[in-house]
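Attaching a single structure in structure tokens format; questions to follow.
Nothing in this text is a laboratory measurement; each read-out follows from the coordinates by a stated rule. All values derive from a computational prediction rather than experimental measurement. Here Cβ is always computed from backbone atoms with ideal geometry, including for glycine, and neighbour counts include all displayed protein chains.
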Amino acid sequence: MTKHFTAAVLTAVVGLSAGSAFAGAGKDDAIAMVKKAVATIKADGADKTYPVISDKAGPFVKDDLYVVVYQLDGKVLAHGANAKFIGKDMIDAQDVDGKLYVKERVELAAKQPSFWQDYKFVNPVSKKVEPKEMYCERVDDTAVCAGVYKQ
């Protein structure tokens, strides 16, 4: 009986550990991170904040959650997961389903102060294309965004 109990406890612990390792961020985490980024941009200015947002070891990157800032013309101004995107015009970027997700995102940002958007993107942790929900807030002529991967 003790052997079965020990095996059951080990299975539960391993299962819980694996579950928490892959749980990822939630919608509330994305909203909080965007609000923190927006507040920092407003307080410290874009020139000072964008490099901090783009720092993988900084406060705007946590596991698979990171901030991205777009000009409303589709140019990436800051990117917490991939600095290679900074300065690039991503207006024509498509997800695996052909969705022009950046074009849609900046169009939504031009029309409303905050929103959620669905698309598919490579998860920087799993390295797989996964469904993602992006939360964005407009700040002047930019969209400040962070997204969560759907589990």
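Can you sort Val122, Val69 by how many other beta carbons sit within 10 Å, fewest first?
Neighbour counts put them in this order, fewest first: Val122, Val69.
From the P(r) of the range 73-146, can you give the percent of Cα pairs sitting at distances over 13 Å?
Details: 1809 of 2701 pairs.
Every Cα pair in the range 73-146 considered, those over 13 Å come to 67 percent.
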